[in-house]
1. Which condition from (1) closer than 15 Å to LEU4 by Cα; (2) open to solvent by less than 40 Å² (accessible area, probe 1.4 Å) is the one that ASN77 breaks?
2. Suppose we keep only residues that are more than 9 Å from the chain's Cα centre (by Cα), closer than 14 Å to GLY10 by Cα and not hydrophobic (A, V, I, L, M, F, W, C) within the range 83-100. Which one would you say is surrounded by the fewest Cβ atoms within 10 Å (Cβ to Cβ)?
3. Which residue out of ASN60, ASN74, ASN52 is in contact with a helix residue (DSSP H, G or I) (Cβ under 7 Å, 6 or more places away or on another chain) and in contact (Cβ under 8 Å) with a residue 12 or more places away in the chain?
4. So which residues in the range 19-46 are open to solvent by 30 Å² or more (accessible area, probe 1.4 Å) and among the hydrophobic types (A, V, I, L, M, F, W, C), if there are any at all?
5. Could you list, in sequence order, all residues of the range 60-74 that are of a type in the set (Phe, Trp, Tyr) and open to solvent by less than 60 Å² (accessible area, probe 1.4 Å)?
6. Taking into account only those residues within the range 79-92 that are among the polar types (S, T, N, Q) and touching a Phe, Trp or Tyr at 6+ places or on another chain (Cβ under 8 Å), which is farthest from SER124 (Cα to Cα)?
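The values are calculated or read from the model by the stated rules, or taken from the named source; none is laboratory data. Quick caveat: nothing in here was measured; it's all calculated off a predicted structure. All Cβ positions, glycine included, derive from the backbone under ideal geometry; neighbour counts span all protein chains shown. The accessibility values were calculated without ligands, DNA or RNA, using every heavy atom of the protein model including side chains. Shrake-Rupley method; radii C 1.70, N 1.55, O 1.52, S 1.80 Å.
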Amino acid sequence: QVQLVESGGGLVQAGGSLRLSCATSGIPLSNYVMAWFRQAPGKDREFVAGINRGGHSIYNSAFVNGRFTIYRDNARNTVDLQMNSLKPEDTAAYSCEADNDYQVSTIREDYDYWGQGTQVTVSS
């Protein structure tokens, strides 16, 4: 059974930091592109950051602007998202997603597995 379980969300003031973590099981993580998506209330789910199988290629959405960093540890089956300089507009449910492919896709429908998400709330 494939499981992706996110943790690390919470309430933080603007300018603060959070580190999200995604623990995976049931899949060989090294065979999957991994990404973080987010969805704010009333908005479409959007791509945040993605990392290829080996961790050598990273793709970020423009709004990240150097504030977030995605990491993966294939040996530990984890994918993290370090978020710094958080803004109120970063408030959303963040989910970890896995795609059995070689290149990072920003399209949600390309991903095969995803977790339940973790809520990030940034107060002004």
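1. Tallying (1) closer than 15 Å to LEU4 by Cα; (2) open to solvent by less than 40 Å² (accessible area, probe 1.4 Å), ASN77 fails exactly one: (2).
2. PRO88
3. ASN74
4. Within the range 19-46, ALA23 is the sole residue that qualifies.
5. Residues satisfying the conditions are PHE63, PHE68.
6. GLN82
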